[in-house]
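Structure, as structure tokens:
The values are calculated or read from the model by the stated rules, or taken from the named source; none is laboratory data. Keep in mind that what you see is a predicted model, and the values were worked out from it rather than measured. Neighbour counts run over all protein chains shown; Cβ positions are idealised from the backbone, glycine included. When the accessible area is computed, the model is the full protein with side chains, heavy atoms only, and any ligands, DNA or RNA have been set aside. Shrake-Rupley method; radii C 1.70, N 1.55, O 1.52, S 1.80 Å.
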Amino acid sequence: MAGNIPLAERMRPQTLDNYIGQAHLVGQGGVIRNMIDTGRINSFILWGPPGVGKTTLARIIANATEADFYTLSAVTSGVKDVREVIDRCEKASRSMFAKARPILFIDEIHRFNKSQQDSLLGAVEKGVLTLIGATTENPSFEVIRPLLSRAQVYTLKPLDATDLKRLLDNALATDPILMARKVRVDETAALFRFAGGDARKLLNIIDLIEQSTPDGEEMVINDNIVIDRLQENPAAYDRNGEMHYDIISAFIKSVRGSDPDAAVYWLARMVAGGEDPAFIARRLVILAAEDIGLANPNALLLANATFDALQKIGWPEGRIILSECTIYLATSPKSNTAYAAIGSALEEVSASGNLPVPLHLRNAPTKLMKELGYHEGYKYAHDYANNFADQQYLPTELTGKRFWQAGANPSEAKMQQRMDEIRKK
């Protein structure tokens with residue numbers, strides 16, 4: 001019977017002691033380990049690629065706290081299903097036998113639409129249940145802000161080579177089916193490359209090799225056997241593994257470094273590997289603002305138009321739109337002064353706190369505010385030459401502080417020159 005159960009399911013850990021990876025969350029002093037140790041579980045969303053332990057971690061938490069555990073898949077569940085579970089959680093939480101707040105685990109929570117996510121807010125807010133969501137997509141784009149404000153986001157990382165080696169050794173040492181066979185491991189490079197940081201994929205490959213090795217024969221794991229069994233190119237792009245991060249990094253750096261040929265090459269690697277086109281388009285929008293910036297403000301307009309056009313046109317023609325935008329950004333003049341300016345301003349806000357707004361910049365909609373000096377002395381810029389009124393705009397404590405520094409490109413140099421000329425007049 002056990003042979004009918006996939007190895008990945010047979011090896012699913014039940015406790016943190018057997019959980020591999022994510023030491024930053026479940027290691028000593030990790031925030032999730034501390035939650036489990038104290039028995040106080042707050043709502044949170046686990047964000048990471050497939051096969052890194054999101055569902056397993058949620059089940060471990062439920063087991064450790066002895067909480068009632070409910071599971072919904074955003075792919076198949078609707079608002080009605082959510083409300084039914086919330087009703088059951090309300091009844092469970094009122095039970096005198098309840099040891100912990102019920103846990104609702106929602107897989108692929110990013111697939112819930114706004115109304116479905118809205119239906120969770122009240123229950124999470126009132127403490128009727130603890131929400132644990134799992135998503136492979138950036139929650140900032142896919143999860144509504146009210147829900148994000150009620151649930152902390154924790155990022156799970158792809159398993160590294162050390163984690164994958166531990167997983168392999170553990171499977172060979174503890175799984176009854178593998179233990180009953182004679183197994184020889186000669187090489188692991190292709191195995192780990194194909195796994196791409198995904199524990200489930202690693203175990204599925206081992207399962208495939210075991211099942212394709214005749215009974216009585218030695219089960220051998222080496223690069224040639226892995227490639228032969230999978231019938232794939234070991235250099236293929238893995239959109240959910242380490243190569244995903246390496247190639248998008250190379251793509252971004254190539255555009256930033258003004259190399260259109262390298263940028264298009266890395267774009268092609270992502271396209272051929274099945275990367276989500278929306279992910280690439282989002283990166284282009286960010287690149288346009290961060291690295292081209294004020295040197296060519298039209299870049300942001302084109303990148304945003306690329307994102308919109310991609311949604312209208314679809315695939316595979318959308319690759320042409322991505323290519324056009326990539327080449328345009330790579331060959332465009334560069335400036336990161338907008339990026340640097342907001343970073344500098346945020347550092348100042350963190351250091352100096354909530355400095356008061358100067359009185360003359362405040363609106364005065366009431367008589368009391370006028371009596372307190374709100375708006376008094378404000379100069380309406382359009383009433384002055386060159387639409388410039390020389391007055392204090394920053395808090396008093398920051399008078400003369402500069403956050404934006406013009407770059408060397410002609411566009412920003414002209415902006416700075418114009419501002420200096422107006423101020424002199």
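Table for the structure above
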| item | result |
| --- | --- |
| Degrees, to the nearest 10: 54-65 long Cα axis against longest axis of the chain | 80 degrees |
| For the range 239-327: rounded, prolate or oblate by the Cα gyration tensor [a/c cutoff 1.5] | oblate |
| Cross-link partners of K91 among aspartates and glutamates (Cα-Cα below 14 Å; sequence separation of 8 or more within a chain) | D68 |
| Measure of compaction for the range 295-364 (Cα Rg per 2.2 N^0.38 Å) | 1.75 |
| Value of [θ]222 nm, deg cm²/dmol, for the chain, DSSP H segments ≥ 4, -39500 (n - 2.57) each, nearest 500 | -15500 deg cm²/dmol |
| Nearest-10 value in Å² for the accessible area of D390, using the 1.4 Å probe | 110 Å² |
| Accessible area (Å², 1.4 Å probe, nearest 10) - Y328 | 80 Å² |
| The chain: angle of helix 79-94 to the longest principal axis, Cα-based, in degrees nearest 10 | 80 degrees |
| Formal net charge of residues neighbouring V85 (Cβ-Cβ distance under 12 Å; K, R +1; D, E -1) | -1 |
| Linear extension gain, E84 paired with I313, 0.36 nm per residue minus alpha-carbon span | 78.6 nm |
| Computed accessible area, S411, all protein chains, 1.4 angstrom probe, square angstrom | 40 Å² |
| Isotropic mean projected area of the C-alpha convex hull, the range 142-209 (nm²) | 6.5 nm² |
| Formal net charge of residues neighbouring I144 (Cβ-Cβ distance under 12 Å; K, R +1; D, E -1) | +1 |
| Chain lengthening between A381 and I5 when straightened (0.36 nm per residue, less Cα-Cα) | 128.1 nm |
| Listed residues K367, K165 arranged by accessible area, highest first, probe 1.4 Å | K367, K165 |
| Relative contact order of the chain, defined on C-alpha pairs under 8 angstrom at six or more residues apart (%) | 11 percent |
| Sequence of R256, R145, R88 when ordered by accessible area, the most exposed leading, probe 1.4 angstrom | R145, R88, R256 |
| Rounded, prolate or oblate (a/c below 1.5 giving rounded, otherwise prolate when a/b exceeds b/c) for the range 347-387 by Cα gyration tensor | oblate |
| Label-to-label distance, nm, for residues given as A173 and N34 (7 Å Cα→Cβ offset) | 3.0 nm |
| Debye log10 I(q)/I(0) at q = 0.12, 0.20 Å⁻¹ for the range 282-416, Cα point scatterers | -0.72, -1.11 |
| Sequence-separation-based contact order of the range 44-139, relative, with Cα cut under 8 Å and 6+ spacing, percent | 42 percent |
| Over the chain - Rg/Rh using Cα atoms and the Kirkwood inverse-distance radius | 1.07 |
| Compactness of the range 116-254, expressed as Rg and Dmax over alpha-carbon positions, Å | 20.1, 59 |
| Cα coordinate range in the range 109-152, projected on the principal axes (Å, largest first) | 26, 20, 14 |
| Equivalent ellipsoid semi-axes, the range 356-414, via Cα gyration tensor eigenvalues times 5, rooted, Å | 30, 15, 8 |
| Gyration tensor over alpha-carbon atoms, the range 1-123, equivalent ellipsoid semi-axes in Å | 24, 19, 16 |
